[in-house]
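Novice: Right, I'll just put the structure down here and ask away after.
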Amino acid sequence: MDPIVLAAGTALVSAMATDAWLQARTATVAMWRRIRPDHADGVGAELDILRTQVLAARDADDEDTEQALAGAWRMHFQQLLADAPGLAAELRLLLDDHLGPVLSETERTRVASVVMKAETHDNSRVYMSGRDQHITGA
């Protein structure tokens, strides 16, 4: 799954539990309206229902349900990119400008995407880390 899809799905569901949810919802529906205008109203209605489920899951400390709901939105975004791969930039814009800023610092860290690529030749080594890395030994 595309890293931007993972981050956007998680950020959208996390944003549902914030005071700035209306802004995040409006931006998400607006993106859908530009890309697939015939689905925008349905997406808005689905987001409203989903928010109720996310809030109930948070009240019950039910992280599994919240993760399942984020997974459903990851699939929505993944299908969108599968149908039109050029929309990755639009999804990144939604994440960077509208979803990410409404999240707490902890949640922003949780949804950040890191993409790393390494190539080695012969006997070389590559050490990659998305965060702390401690290497011991020879």
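The values are calculated or read from the model by the stated rules, or taken from the named source; none is laboratory data. Computed from a predicted model, the values in this text were never measured in an experiment. Don't worry about glycine lacking a Cβ; one is built from the backbone with ideal geometry, like all the others, and counts go over all protein chains shown. Only protein heavy atoms, including side chains, enter the accessible area calculation; ligands, DNA and RNA are left aside. Shrake-Rupley method; radii C 1.70, N 1.55, O 1.52, S 1.80 Å.
Novice: Of everything in the range 76-92 that's of a type in the set (A, V, I, L, M, F, W, C) and either free of Cβ contacts under 8 Å to residues at least 40 places away in the same chain or exposed (fewer than 11 other Cβ atoms within 10 Å of the Cβ) (or both), which residue is nearest to Arg33 (Cα to Cα)?
Specialist: Here the answer is Ala89.
Novice: Now for a different question. Here is a check on your reading of the model: is Thr26 open to solvent by 50 Å² or more (accessible area, probe 1.4 Å), hydroxyl-bearing (Ser, Thr, Tyr), in a helix (DSSP H, G or I) and more than 21 Å from Glu66 (Cβ to Cβ)?
Specialist: For Thr26, the condition - open to solvent by 50 Å² or more (accessible area, probe 1.4 Å), hydroxyl-bearing (Ser, Thr, Tyr), in a helix (DSSP H, G or I) and more than 21 Å from Glu66 (Cβ to Cβ) - is met.
Novice: So, of the residues in the range 59-75 that are part of a helix (DSSP H, G or I) and among the acidic types (Asp, Glu), which turns out to be surrounded by the most Cβ atoms within 10 Å (Cβ to Cβ)?
Specialist: Per the criteria, the residue is Glu66.
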